[in-house]
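Colleague: Quick one: the structure is below, and I'll ask about it shortly.
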Amino acid sequence: MCGIIGCVAEEPVAALLLDGLVRVEYRGYDSAGMATISRGKLGVKKGVGRVKDIEEARKMSAMSGTVGMAHTRWATHGGVTNANAHPHASCKEQVAVIHNGIIENYIPLKKALIAKGHRFKSETDTEVISHIVEDEYKRTKNPLRATQAAVKKLKGQYAIVVMFQDRPDVMTGARKDAPLIVGVGKGKMFLASDVLAFIGHTDRTIFLDNYEVVQITKEEVKIIGPDGREVRRDPNQVAWELSDVTKSDYAHYTLKEINEQPKTIVAASVQDPYKVAEFARAIKRAKSLFITASGTSYHAGLLMKFRLSKEARIRADVVVAGELKEHTEFLGKGSVVVALSQSGETADVMEAVREAKKHGAKAYSIVNAAGSSLARESDVTLLLNCGPEVGVAATKSFTAQVVVANLVVDAVLGKKKPDRLEELSEAVADALKCDGQVQELVREYRDRPDFYFVARGYESPVAMEGALKLKELSYIHAEGMPASELKHGTLALIEKGTPVVFINPSGPNHAESLSNAEELSARGADVIGISDVRDQVYKHYIQIPKVSPKSTPIVEAIPLQLLAYRMSVAKRNDPDYPRNLAKSVTVK
Ligand code: M6R
């Protein structure tokens, strides 16, 4: 979940490291640090908080040295303190390490190192790596071999970057179950957890595989595979559009990304028809079919399942990725697992897919980040094409997932006629016009402790998505559920003025849902209707445009995303960087 970037160059690296650090800050943002080697001396600066708020960060840009590394942290082991921020230097400050992941066996390793005389300065699992590398470097006198030997002792997940005080010409790295990417520039070479970290300098990338160890100089990359042999891999070119990660005129990335949706849903629909057909064929032939994902992507998976069973009469089990390993009885040769993920790096999703493959299943994925672990480890991948999503809350990736999932289900159904995406795009633009109304709602309900989101049938996952968005951005307790469940418990919590967002488009469930809305209103709830048809039961009504039933979740998601965003701003939270969260959840 942490952001890492390292660089060896022919020019000073501090400014470009700082720039890269801000770009990967969405991965974790409770503390940050940087290390460079200058005049044969390792220098480290770190601090607690967002990069923009860290006093030491101002000094970071002035650090000299043509080799350096930087890190933004999402704490796992050890509190959010200066001492626990990365980089971590070894006892003699000869080696410095940054790390993303969790070292599961760090306690026995730490005990053994202490017994050998090593002194620890932090409570982190990471620090053991710098001490082990220090020992191995003393023994091998070779940075690459020392790194190879060190990672053999680690259990868990890691992407690490290592610097050696007496070798300012090289930097090493290694990965297992956490991303590490080489950026091949002119006169500068990068190691980073994300292409975004260095995309301003080069679009040539090499994605490292699990158990590979790498050494970079300013001109060369050397990769060693798990069998100890050198691996030759040419750089791939990634899209320069990735470099467009500015907020433009928007106050926050989240708001920008919400407003991009009239375009991103069109981009998502541009898919290779052969790949879509292959995806659909696999679903139709599957002996057992699982859909797996986490968080918002899980909600998109629920929508996909609904259409598969209702329209295509294909049974699919939707399982939260972190739980799939508990449901392997029906996974085997001939099974298909469909994984949805914005980042393609979510640890739970990766574990689920690997587990399914181990049982003989084929993996089909819907992913935003090309080149991500999920994209590379899947048998077939459809990309969301919605551009980088920086805000921690998934917004445009959700609607893009619905578009791509719909394309796949349409192909399963043998539907030939393409959808009129321009109309849907206009409808999304129309839905965005509710922002003013949403702000009024926020003024009225900003001090309420609880919110409920309800819907029926196909719209139920949208209710769950509305609740998730509000929780993560505004820190207000929220629950999303099928309207039918209200009377089985939740009605007891409804009091005078409790806000209940009711998602109720016209269609087969409309009348039944209105009865539920009446029941809520009779118990004092303020029902906020989101629908294409007004009703007197709604105390507040947000009109959404009428679109095809399968695309209705896309237009319904817009007011829910805006509600969460505006509530966050009203409560003076940072919507782009909600507390305790990170964009890419690469730990289990
Ligand atoms: O990158 P992924 O789609 O795999 O991420 C899954 C969840 O972590 C993610 O959707 C999370 O729930 C979002 N912050 C929700 O807005």
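Colleague: Tabulate in residue order the Karplus-calculated ³J(HN,Hα) for region 152-168, using 6.51 cos²θ - 1.76 cosθ + 1.60 with θ = phi - 60°, rounded to whole Hz; enter x for Gly and Pro.
Modeller: Once rounded to whole Hz, the list reads 4, 8, 8, 10, x, 10, 7, 10, 10, 10, 10, 10, 10, 4, 8, 10, x.
Colleague: Using all C-alpha to C-alpha distances in region 3-241, build P(r) with 5 Å bins and read off the rounded percent in each one.
Modeller: Result, from short to long distances: 1, 8, 16, 21, 22, 18, 10, 4, 1, 0, 0 percent.
Colleague: Let me ask something else about it. Roughly what would the spin-label model give for Val533 and Lys153, points 7 Å off Cα along C-beta, in nm?
Modeller: Label-label distance for Val533 and Lys153, simple model: 7.0 nm.
Colleague: Hey, what do the phi angles of region 546-551 turn into as Karplus ³J(HN,Hα) couplings, whole Hz, using 6.51/-1.76/1.60 and θ = phi - 60°, x for Gly and Pro?
Modeller: 7, 10, 4, x, 5, 9
Colleague: Shape call for region 99-222 from the C-alpha gyration tensor, a ≥ b ≥ c root eigenvalues: rounded (a/c under 1.5), prolate (a/b greater than b/c) or oblate?
Modeller: It is prolate, given that a/c is not under 1.5 and a/b is the larger ratio.
Colleague: Moving to a separate point now. Please arrange Leu581, Leu486 by how many other C-beta atoms lie within 10 Å of their C-beta, fewest to most. Kindly include the intermediate steps, with their values, before the conclusion.
Modeller: Working: Leu581 17, Leu486 22.
Fewest-to-most Cβ neighbours within 10 Å comes out as Leu581, Leu486.
Colleague: Net charge near Glu426, counting Lys/Arg +1 and Asp/Glu -1 over other residues with Cβ under 14 Å of its Cβ?
Modeller: Surrounding charge for Glu426 is 0.
Colleague: Right, something else. Please give the contour-minus-distance gain from Arg523 to Thr328: 0.36 nm per residue of separation, less the Cα-Cα distance, rounded to one decimal in nm.
Modeller: On the way: separation 195, 0.36 × 195 = 70.20 nm, distance 4.38 nm.
Extra length available between Arg523 and Thr328 comes to 65.8 nm.
Colleague: Treat the count of other C-beta atoms within 10 Å as a stand-in for reagent exposure and order His77, His299 from fewest to most.
Modeller: Listing His77, His299 from fewest to most nearby Cβ atoms yields His77, His299.
Colleague: Need one number: % antiparallel among DSSP beta bridges in the chain, to the nearest 5.
Modeller: In the chain, DSSP labels about 60 percent of beta bridges as antiparallel.
Colleague: Another question about this same structure. What is the spin-label model distance, in nm, from Val270 to His359 if the labels are put 7 Å beyond Cα along the C-beta direction?
Modeller: That separation, rounded to one decimal, is 3.8 nm.
Colleague: Taking each pair of different alpha-carbon atoms in region 1-89 once, compute 1/r for the pair, average those values, and report the inverse of that mean as the Kirkwood hydrodynamic radius in Å to one decimal.
Modeller: On the way: mean 1/r = 0.0800 Å⁻¹.
About 12.5 Å, per the Kirkwood formula over Cα pairs.
Colleague: Beyond 26 Å, what percent of the Cα pairs of region 432-575 remain?
Modeller: Roughly 14 percent, rounded to a whole number.
Colleague: Taking the Cβ-Cβ separation of Arg232 and Arg285 as r and a Förster radius of 56 Å, what is the calculated FRET efficiency to the nearest 0.05?
Modeller: That pair, Arg232 with Arg285, gives E of 0.95.
Colleague: Let me ask something else about it. Between Lys116 and Thr246, what FRET efficiency follows from the Cβ-Cβ distance if R0 is 30 Å, with the result rounded to 0.05?
Modeller: Working: r = 49 Å, r/R0 = 1.63.
The computed FRET efficiency comes out at 0.05.
Colleague: Something else: Run down the aspartates and glutamates and flag those whose C-alpha is under 13 Å from the C-alpha of Lys218, throwing out any fewer than 8 positions away in its chain.
Modeller: Glu10, Glu11, Asp169
Colleague: Say the cut-off is 22 Å between C-alpha atoms; which of Lys275/Lys417; Lys469/Lys583; Lys247/Lys433; Lys247/Lys583; Lys46/Lys469 go over it?
Modeller: Lys46/Lys469
Colleague: Hey, if you drop one equal point scatterer on each alpha-carbon of the chain and run the Debye formula without solvent, what base-10 log of I(q)/I(0) do you get at q = 0.05, 0.07 Å⁻¹?
Modeller: -0.22, -0.44
Colleague: Greater than 22 Å separation of Cα atoms is the criterion. Which listed pairs, Lys52/Lys256; Lys186/Lys396; Lys155/Lys222, meet it?
Modeller: Table pairs above 22 Å Cα-Cα are Lys186/Lys396; Lys155/Lys222.
Colleague: Another question, if that's okay. Defining a contact as two alpha carbons under 8 Å apart and six or more residues distant in sequence, what relative contact order in percent does the chain show?
Modeller: Relative contact order here is 12 percent.
Colleague: Sorting check: for 412-425, 183-196, which peptide has the highest mean count of neighbouring beta carbons within 10 Å, and how do the rest follow?
Modeller: 183-196, 412-425
Colleague: Another question, then. What number, rounded to the nearest 500 deg cm²/dmol, is the helix-based mean residue ellipticity at 222 nm of the chain, given -39500 (n - 2.57) per DSSP H run of at least four residues and division by all its residues? Don't jump to the answer; show the numbers that get you there.
Modeller: On the way: 17 runs with 197 residues, N = 588.
Result for the chain: -10500 deg cm²/dmol, rounded to the nearest 500.
Colleague: Another question, then. Under 13 Å Cα to Cα from Lys111, which aspartates and glutamates show up? Leave out anything in the same chain fewer than 8 places away.
Modeller: Straight-line reach from Lys111, under 13 Å: Glu123, Asp125, Glu127.
Colleague: Given a Förster radius of 60 Å and the C-beta distance between Asp447 and Arg139 as r, what FRET efficiency does 1/(1 + (r/R0)^6) yield to the nearest 0.05?
Modeller: 0.45
Colleague: Next up: Determine the dipole magnitude for the chain: charges of +1 sit on the beta-carbon of Lys and Arg, -1 on that of Asp and Glu, nothing else is charged, the reference point is the Cα centre, and the result goes in debye to the nearest 20.
Modeller: For the chain, the charge dipole is close to 1540 debye.
Colleague: For Gly156, which sequence-distant residues (separation of 5 or more, or a different chain) have an amide H within less than 5 Å of its own amide H, given hydrogens modelled in the peptide plane?
Modeller: Glu104
Colleague: Then there's this: Just rank Ile283, Ile107, fewest to most, by other beta-carbon atoms within 10 angstrom.
Modeller: Listed from fewest to most nearby Cβ atoms, that is Ile107, Ile283.
Colleague: Using the Karplus equation 6.51 cos²θ - 1.76 cosθ + 1.60 (θ = phi - 60°), what ³J(HN,Hα) coupling, rounded to whole Hz, does each residue of region 77-91 give in order, writing x for Gly and Pro?
Modeller: 9, x, x, 8, 9, 4, 5, 8, 5, 8, x, 10, 9, 6, 3
Colleague: Using 0.36 nm per residue of separation minus the Cα-Cα distance, give me the extension gain between Ala429 and Cys91 in nm, one decimal.
Modeller: The Ala429-Cys91 span can extend by a further 115.9 nm.
Since every read-out is calculated from the coordinates, none of them should be taken as a lab result. Quick caveat, the model's predicted, so the values are computed rather than measured. When we count neighbours, we look across all protein chains shown, and the Cβ atoms used for this are built from the backbone with ideal geometry, even at glycine.
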